[in-house]
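Here's a structure for you.
The values are calculated or read from the model by the stated rules, or taken from the named source; none is laboratory data. Quick caveat: nothing in here was measured; it's all calculated off a predicted structure. Glycine gets a Cβ as well: all are built from the backbone with ideal geometry, and neighbour counts include every protein chain shown. Surface accessibility is based on the protein's heavy atoms, side chains included, excluding ligands, DNA and RNA. Shrake-Rupley method; radii C 1.70, N 1.55, O 1.52, S 1.80 Å.
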Amino acid sequence: SATDDSETNRRVFHEAQEKGIWLNSVDDPDHCTFIVPSSFSQGDLIVAVSTSGASPSFAAKLRRIIEAAIPSNAEETIAALKEARNILKNDIRFASLSSAQRGNLLKKISSDDRLITALLKHKKNETIADFLKGLL
């Protein structure tokens, strides 16, 4: 619902409620059953920002700030971390590691730009398992 008439928005909202239909009434959060956040995605990365309808323009501003701060290689990095995670979970060479140990290793990589760079190199060379073994 996107009208400049609050009475029309109210009627549309109540009719949608009676019929079990979700409704987003633009710029009228009192007549919404859901709010659409300001969002962006890069591959598996999805970022959404919402002010619960209080200020969509501020949510959009914050989303732009966050989006500008995301490294340009985020999509590639996430794909490499996903592959590393799958190897740690499924490769017999890592079967002795606990879930916590696997998680700690991935956190170590994620928090160190040098390790991320190395992981990306090993992904290209298809040697992620060797890289992970070397970190143990």
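Is there any pair with a first residue in the range 112-131 that is at pLDDT below 95 and a second that is part of a helix (DSSP H, G or I) and open to solvent by less than 30 Å² (accessible area, probe 1.4 Å) whose Cβ atoms are under 6 Å apart and which are 6 or more apart or on different chains, and what are they?
none
Can you confirm whether the range 74-89 contains a residue that is more than 23 Å from L135 (Cβ to Cβ), at pLDDT 90 or above, out of contact with any Asp or Glu (no Cβ under 9 Å at 6 or more places or on another chain) and open to solvent by less than 40 Å² (accessible area, probe 1.4 Å)?
Among the residues of the range 74-89, not one is more than 23 Å from L135 (Cβ to Cβ), at pLDDT 90 or above, out of contact with any Asp or Glu (no Cβ under 9 Å at 6 or more places or on another chain) and open to solvent by less than 40 Å² (accessible area, probe 1.4 Å), which makes the answer no.
Quick one: in the range 59-70, which of the residues that are out of contact with any Ser or Thr (no Cβ under 6 Å at 6 or more places or on another chain) and not in a loop (DSSP other than H, G, I, E, B) is most open to solvent (accessible area, probe 1.4 Å)?
R64
For the range 83-90, check the following and say yes or no: at least one residue is outside any helix (DSSP H, G or I) and not polar (S, T, N, Q). If you could, list the steps in order and put the result at the bottom.
From the range 83-90, those outside any helix (DSSP H, G or I) are none; that's our starting set.
The answer is no, given that none of the residues of the range 83-90 is outside any helix (DSSP H, G or I) and not polar (S, T, N, Q).
Of the residues that make up the range 105-117, is at least one under 30 Å from V12 (Cβ atoms) and not charged (D, E, K, R)?
Within the range 105-117, the subset under 30 Å from V12 (Cβ atoms) is none.
No, the range 105-117 contains no residue that is under 30 Å from V12 (Cβ atoms) and not charged (D, E, K, R).
Name the single residue that is farthest from E76 (Cα to Cα) among those in the range 15-53 being polar (S, T, N, Q) and open to solvent by 60 Å² or more (accessible area, probe 1.4 Å). I'd like the intermediate steps shown before the answer.
Filtering the range 15-53 down to residues polar (S, T, N, Q) leaves 17, 24-25, 33, 38-39, 41-42, 50-52.
From what's left, open to solvent by 60 Å² or more (accessible area, probe 1.4 Å): 17, 33, 39, 41, 50, 52.
Working: Q17: 43, T33: 36, S39: 20, S41: 13, S50: 26, S52: 32 Å.
Applying the filter and picking the extreme gives Q17.
For a quick check of your reading of the model, give me the residue pairs whose first member lies in the range 62-77 and is free of Cβ contacts under 8 Å to residues at least 12 places away in the same chain, whose second is assigned to a helix (DSSP H, G or I), with beta-carbon atoms closer than 8 Å and at least 6 apart or on different chains.
Pairs found: P71/T77.
Here's a follow-up. Taking only pairs six or more apart or across chains, which ones have beta-carbon atoms under 7 Å, a first residue in the range 26-49 that is under 25 Å from E7 (Cα atoms), and a second residue that is exposed (fewer than 12 other Cβ atoms within 10 Å of the Cβ) and aromatic (F, W, Y)?
Close Cβ pairs satisfying both conditions: T33/W22; F34/W22.
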